[in-house]
1. Can you list residues from other chains, or at least 5 along the same chain, whose modelled amide H is less than 5 Å from the amide H of PHE172?
2. Distance between the C-alpha centers of region 51-110 and region 149-197? Whole Å please.
3. For LYS124, list the aspartates and glutamates whose Cα falls under 20 Å from its own Cα; do not include residues on the same chain fewer than 8 positions away.
4. If each DSSP helix of 4+ residues adds -39,500 (n - 2.57) and the sum is divided by the residues in the chain, what number results at 222 nm, nearest 500 deg cm²/dmol?
5. What size of dipole, in debye to the nearest 20, comes out for the chain about its Cα centre when the only charges are +1 on Lys and Arg C-beta atoms and -1 on Asp and Glu C-beta atoms?
6. Residue-wise, which Karplus ³J(HN,Hα) couplings in Hz belong to region 35-46, taking 6.51 cos²θ - 1.76 cosθ + 1.60, θ = phi - 60°, and x for glycine or proline?
7. If the only charges are +1 at each Lys and Arg Cβ and -1 at each Asp and Glu Cβ, what is the size of the charge dipole of region 5-106 around the Cα centre, to the nearest 20 debye?
8. Assign one of three labels to region 124-194, namely rounded, prolate or oblate, based on the Cα gyration tensor with a ≥ b ≥ c the square roots of its eigenvalues; rounded applies when a/c is under 1.5, prolate when it is not and a/b is larger than b/c, and oblate otherwise.
Amino acid sequence: MPLRIGVLALQGDFQEHRAVFESLGAAVTEVRLPHQLEGLDGLVIPGGESTVIVKLAHRYDFPDALRRFTDEGGAVWGTCAGMIVMARELLEPEPEPFSLMDITVSRNWFGRQVDSFETDIPVKGVPGGPVHAVFIRAPSVREQGDGVECIAKLEDGTPVAVRSGKLMATAFHPELTPDTRIHELFLRMSAGDISSV
Ligand code: GLN
């Protein structure tokens, strides 16, 4: 049976994630209501605008359902705005994140001058050389809890991807490049492989 992957489809670039997971053979659901989380192996919270995603998620009663989903062993991967939504704490006053992962995050960390840039970085657990990482008004991880592992950083040491069990957050957008290796990593995590490489 194919893995069942949900893409949170409230706002943002969920369709790009959907296309990649479908190309890898997963059964993809666009999740717009909490009951659609039932039976999923993994969920992606896409890039977009974190304040809008959080506002809509509250309107449809997602916060408790998302915590239940992770408590019951569902895998979750947040990209960019998704990382912000997953954080335990933000350095900025808004939005109020959902505390799915023990990370403190700063939104728009790279400021206006370089608010979008691309670079190649190695990602732990992803074989075959560096990943081309696209950053668009990206956040960064400022603090991480004991159980959280940094799996990618920029040359200056800024952490930009983290993993903890079946949870992963990337500040960049693998769904905007033809390289599917991080999606494949998330499929392995969703299937229960939480080994760190
Ligand atoms: N800066 C955006 C936010 O705060 C995230 C940008 C993105 O997802 N590409 O929500």
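The values are calculated or read from the model by the stated rules, or taken from the named source; none is laboratory data. Being a predicted model, the structure only gives us computed values, none of them experimental. With ideal geometry, Cβ positions are generated from the backbone for all residues, glycine too; neighbour counts draw on all protein chains shown. Only protein heavy atoms, including side chains, enter the accessible area calculation; ligands, DNA and RNA are left aside. Shrake-Rupley method; radii C 1.70, N 1.55, O 1.52, S 1.80 Å.
1. Result for PHE172 returns CYS80.
2. 16 Å
3. ASP102, GLU143, ASP146, GLU149, GLU155, ASP156, GLU175, ASP179, GLU184, ASP193
4. Numbers: 5 runs with 46 residues, N = 197.
-6500 deg cm²/dmol, from helical runs alone.
5. Working: 18 positive and 28 negative charges, 25 e Å.
In debye, rounded to 20, the chain gives about 120.
6. Per-residue couplings from phi come out as 5, 6, 6, 4, x, 7, 8, x, 9, 9, 9, x Hz.
7. Working: 7 positive and 16 negative charges, 27 e Å.
Dipole of region 5-106, to the nearest 20 debye: 140 debye.
8. Values: a/c = 1.70, a/b = 1.05, b/c = 1.61.
Since a/c reaches 1.5 but b/c is at least a/b, the shape of region 124-194 is classed as oblate.
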